[in-house]
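Report on the following structure.
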Amino acid sequence: METKGMTVSSDVLKGAPMLMPWRKFAAFIGMSEGVVEGWMRVGYIPRIKIGNRVMVNVTLLNQRLLDGEACL
């Protein structure tokens with residue numbers, strides 16, 4: 001995935017859990033929370049709400065990156 005000169009690839013996601021709180025995910029990939037929040041809002045990053053927590057579905061994102069579906 002690439003936007004505004006920033007790139008996220010499946011290599012970055014190695015060792016990540018299946019689900020991750022979105023703020024921790026932003027720190028994990030080295031992006032600002034605002035960027036990750038925007039990516040979730042437009043659907044580039046799959047999310048799931050569990051209770052009142054928004055989690056990134058890292059497994060689905062990794063599959064999309066491998067399949068080339070999440071590329072801009």
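Derivation of every value follows stated rules applied to the coordinates shown; laboratory data play no part. Since the structure is predicted, the reported quantities are computational estimates derived from the model, not experimental observations. Don't worry about glycine lacking a Cβ; one is built from the backbone with ideal geometry, like all the others, and counts go over all protein chains shown.
Taken along the Cα-to-beta-carbon direction at a fixed 7 Å, the label points for R23 and I50 span 1.7 nm.
A simple spin-label model places the labels of Q63 and E37 2.9 nm from each other, with each point 7 Å out along Cα-to-Cβ. Each other residue within a Cβ distance under 15 Å of W22 adds +1 if Lys or Arg and -1 if Asp or Glu, for a net charge of +4.
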